[in-house]
Amino acid sequence: MTNKELADLIFPNVTKTIKDYEKMYPERNLPKGAVVSRFAPSPTGFVHMGSLRSAFIARKVPKDTNGVFFLRIEDTDGARTVENGIQGIIDDLKNFNITIDEGVVSETEQIGEYGPYIQSERREIYQTFAKHLIEQGMAYPCFCTPEEIEEIRQMQELNKERIGYYGSYAECRFLTNEERAERIKKKEPYIIRLKSPGDFNKKIVLNDLVRGKIEFPENDLDIVLIKSDGLPLYHFAHLVDDYLMRTTHIIRGDEWISSTPVHLQLFQVFGFEPPKYAHLGTVMKVDENGTRRKLSKRKDPEAAVSYYHQKGIPVEAVNLYLMTIANTNFEAWWDQNQTLGIDDFKFDFKKMSVSGSLFDLEKLMNISKSYISRLKASEVYDRLLVWAKEFDTEFASILENHKDYAISIFNIEREQKKPRKDYASFSTIKDCVWYMFDEYFVGDLGYQFGKVQEKEEIRRILKTYIEKYYDESDDKDTWFHKVRELSSELGYCADMKFYKENPDSYKGSVADVSTVIRVATTTSSMTPDLYEILRLLGKDRIKKRFQVFDI
Ligand code: GLU
C-alpha cells in the first residue's frame, strides 16, 4: 500500500492541496520591512497582564512598520475553553486600546482575508497539511493507547532514558501501511504523529530577536499533529496558521521558547521559511520577602487586567507603563518628549530586557499620577464620571449635579507647568475632593487642627476671619495679606522667618492660623491651594461650615 493510498484512507474528504491554500492566502502585499504579527490566546475569557504585554508589543511592531496585527483564537484544546471566553478577550484588548487589523472581532464576527481566525473552524486546512505529510511518509497514524504510552514511559525511566515517543520507542513508526490500514478499518482509535527527522545529538540554532542565538538539541519526538477528534495540537496549528496567515514575527512569552525546536523543524519539514521569533521575558514581581517570582493570576490582583478598569487607572497610563517595561529606553525618551505619545516612539527588540521585566505597581501608579495630572479638568470630569457611573453611582450623581463646580475643583493647580499630582487613579479622586461637596462634608470639632488645640481659640480665629477679613472678591495676594493681618491681630507671627527666629514670642505662626481655617473648611491639614478652595466653596458655604463651631 502506498503512502498516498494510506493518506486517502485517513482523510478521504480532504481534496484540496497545500497549493490550493497558498493561492487562497497569497503572500501579503505590504511595504518592505512591514511586520505581520498576532496575538493567539486560548479562549479562557480574560487576558493576564503578562499576555497583555505580549499583545501590546505584537500590536506595536506592526503599527511602527505599516504591517498587520491580528487576533487568532486557539481553541483546539477544549479544556482551556470557557463560555463567552472569546468576548472576554476582545473586551480586554479593546479596553486597553489594542486594536486589531484582522481576526476575531466578536463571538460571531471575523474580519480579514486570511481567516477563519478561529482554529476550530480550520479543521480541513490542518488535515490537508497532515495528509500531505502522510503522503510524503513524514507522518503516520499512531494507535498507542494511554496505557501503552505509560508503559513506554516506565521503561524509559527504568533504562534512565529520555521520556517521550521517539526513535525505537515510537512503536507505530514501524508498522507497515497494510497494518495501519487494517487497524484503521477495524476502527481502532488513532492520532497522527510527525515522523521526526531530528537527531537529538545534533544542534539547531534559534536566532531570537530578544535573546540572540540560542542552541537547542534537534527535536526527535514524534509529536502529535492531529488528535483523535480530528483537530490539531498547538505546534502543528502554529505551523499551518502562521504559514498561511503569512505571519512574519512570532511575538510571545518565553514559556514557549522550549517549543521552538519543534516549530523550526515543522517549517523545515514542509520546506517553508520560518518566521522570526521574539520571546519576551517573563513579567515578574518582587514578593514581600524580596524574592522574584512570576506575576501570578492567583496571588496578585494586579495580574488581571480587570483590576485596572475597576481601579479607574487610565488605559493610557497602563500602556505607558507597558512601554516602559517593554523598552528600557522609553522612559527617558518620554521624559524628554512629554507632548509625544507611544505612537511616536519606535519599539526596538534590542532594547528589551532578556531577564524579564519587573512589574512594579507603585511605578505604574506614579505614571498614572503624571498622566492624570496632564489631563484638562474637563477631561478628568468626563472620565471620572464614566468610572463612577460603573463603580460609585452616588458620586456619579453628585458629579452630575455639580458639573461646573466639580470641573473647577479638578482645575485647582492643573493646566500649569508643574501640575499637582494627587490623583493616582479615578477611584482615588473622591478621597481627595469629597470635602468640597456638602453631600459628604461633616463638620466636627474633633479634627486635628494642628498646633492650635484649644476650642475657644479655634473659634476665635474662625470668627474673626469670617467676620472681619474674608472677602470673596480678593485676589490671591490680598487674600494672603489678610490672613497675615488676622494672624498678627490674634498674636501669631505673620512672617515665617521672624517666627523661626523668635518662636517663643508668639502663640504660633501664620501657618498655624491657615491650618485652622483649612481644617475647619476641609477637615484636612493637607489640601491643594487654600485660596482656591475657599473661593470655590464661597462665603456662604464657609460660614455654614464654621457654624459647627458655634460661630
Ligand atoms: N495559544 C498559545 C497561548 O495560549 C499561543 C502561543 C503563541 O503565541 O505561539 O499562549
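The values are calculated or read from the model by the stated rules, or taken from the named source; none is laboratory data. This is a predicted model, so every value here is computed, not measured. So basically every Cβ, Gly included, is an ideal-geometry build from the backbone, and we count neighbours across all protein chains shown.
Look at residue 30 and say whether it is part of a loop (DSSP other than H, G, I, E, B) and more than 16 Å from the ligand (Cβ to nearest atom). When the stated conditions are applied, residue 30 passes them.
Can you tell me which residue among 111, 125, 152 is within 30 Å of residue 243 (Cα to Cα), among the hydrophobic types (A, V, I, L, M, F, W, C) and in contact (Cβ under 8 Å) with a residue 12 or more places away in the chain?
Values: 111 fails: in contact (Cβ under 8 Å) with a residue 12 or more places away in the chain; 152 fails: within 30 Å of residue 243 (Cα to Cα).
Going through 111, 125, 152 in turn, just one is within 30 Å of residue 243 (Cα to Cα), among the hydrophobic types (A, V, I, L, M, F, W, C) and in contact (Cβ under 8 Å) with a residue 12 or more places away in the chain: 125.
Within the stretch 389-407, the set of residues being β-branched (Val, Ile, Thr) and either surrounded by 14 or more Cβ atoms within 10 Å (Cβ to Cβ) or assigned to a loop (DSSP other than H, G, I, E, B) (or both) comprises 398, 407.
Residues are listed down the side, and each one gets a yes or a no for (1) surrounded by 14 or more Cβ atoms within 10 Å (Cβ to Cβ); (2) more than 20 Å from residue 4 (Cα to Cα):
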site	(1), (2)
147	no, yes
161	no, yes
169	yes, yes
176	no, no
180	yes, no
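Residues of the stretch 262-275 being within 12 Å of the ligand (Cβ to nearest atom) and in a helix (DSSP H, G or I), which ones?
Residues of the stretch 262-275 that are within 12 Å of the ligand (Cβ to nearest atom), as a first pass: 262-263, 275.
Correct list: 262, 263.
Would you point out which residue out of 72, 80 is modelled with pLDDT of 95 or more, within 13 Å of the ligand (Cβ to nearest atom) and either within 22 Å of residue 234 (Cα to Cα) or among the aromatic types (Phe, Trp, Tyr) (or both)?
Values: 80 fails: modelled with pLDDT of 95 or more.
Answer to the check: 72.
Does residue 337 count as modelled with pLDDT under 90 and at negative phi?
Details: modelled with pLDDT under 90: yes; at negative phi: yes.
Judged against the criteria, residue 337 is a match.
With respect to the conditions (1) surrounded by 15 or more Cβ atoms within 10 Å (Cβ to Cβ); (2) in contact with a helix residue (DSSP H, G or I) (Cβ under 9 Å, 6 or more places away or on another chain); (3) in a helix (DSSP H, G or I); (4) aliphatic (A, V, I, L, M), residue 155 lacks only one, and its number is (1).
Out of all the residues in the stretch 532-551, which are outside any helix (DSSP H, G or I) and within 10 Å of residue 472 (Cα to Cα)?
Passing the criteria: only 538.
Return only the number of the condition from (1) exposed (fewer than 12 other Cβ atoms within 10 Å of the Cβ); (2) within 17 Å of residue 533 (Cβ to Cβ) that residue 472 does not satisfy. Against the list (1) exposed (fewer than 12 other Cβ atoms within 10 Å of the Cβ); (2) within 17 Å of residue 533 (Cβ to Cβ), residue 472 comes up short only on (1).
Do we find a residue being within 16 Å of the ligand (Cβ to nearest atom) and not in a helix (DSSP H, G or I) anywhere in the stretch 49-67?
The first filter runs over the stretch 49-67 and keeps only residues within 16 Å of the ligand (Cβ to nearest atom), leaving 49-62.
Add one more test, that the residue is not in a helix (DSSP H, G or I), and what stays is none.
No, the stretch 49-67 contains no residue that is within 16 Å of the ligand (Cβ to nearest atom) and not in a helix (DSSP H, G or I).
Regarding the stretch 251-273, can at least one residue be identified that is farther than 18 Å from residue 209 by Cα, hydroxyl-bearing (Ser, Thr, Tyr) and under 29 Å from the mean Cα position of the chain (by Cα)? No, every residue in the stretch 251-273 fails to be farther than 18 Å from residue 209 by Cα, hydroxyl-bearing (Ser, Thr, Tyr) and under 29 Å from the mean Cα position of the chain (by Cα).
Taken over the stretch 445-466, the residue count meeting the criterion of being surrounded by 12 or more Cβ atoms within 10 Å (Cβ to Cβ) and in a helix (DSSP H, G or I) is 11. State whether one or more residues within the stretch 492-499 are at pLDDT 95 or above and surrounded by 15 or more Cβ atoms within 10 Å (Cβ to Cβ). Yes, that holds for at least one residue. Of the residues making up the stretch 343-371, those that are among the aliphatic types (A, V, I, L, M), at pLDDT 90 or above and more than 15 Å from the chain's Cα centre (by Cα) number 1. Considering the stretch 223-239, and only residues there that are more than 12 Å from the ligand (Cβ to nearest atom) and surrounded by fewer than 24 Cβ atoms within 10 Å (Cβ to Cβ), the residue that is nearest to residue 260 (Cα to Cα) turns out to be 223.
Which of the residues that make up the stretch 429-482 are β-branched (Val, Ile, Thr) and in contact with a helix residue (DSSP H, G or I) (Cβ under 8 Å, 6 or more places away or on another chain)? Full working, then the answer.
First pass over the stretch 429-482, keeping only residues β-branched (Val, Ile, Thr): 429, 433, 442, 452, 458, 461, 464, 466, 478.
Hits for the stretch 429-482 are 429, 433, 452, 458, 461, 464, 466.
Among 88, 137, 103, which is the only one that is surrounded by 15 or more Cβ atoms within 10 Å (Cβ to Cβ) and either away from the ligand (no atom under 16 Å from the Cβ) or within 19 Å of the chain's Cα centre (by Cα) (or both)?
Working: 137 fails: surrounded by 15 or more Cβ atoms within 10 Å (Cβ to Cβ); 103 fails: either away from the ligand (no atom under 16 Å from the Cβ) or within 19 Å of the chain's Cα centre (by Cα) (or both).
Among 88, 137, 103, only 88 is surrounded by 15 or more Cβ atoms within 10 Å (Cβ to Cβ) and either away from the ligand (no atom under 16 Å from the Cβ) or within 19 Å of the chain's Cα centre (by Cα) (or both).
Of all positions in the stretch 250-261, none carries a residue that is more than 12 Å from the ligand (Cβ to nearest atom), in contact (Cβ under 8 Å) with a residue 60 or more places away in the chain and either among the aliphatic types (A, V, I, L, M) or not in a helix (DSSP H, G or I) (or both).
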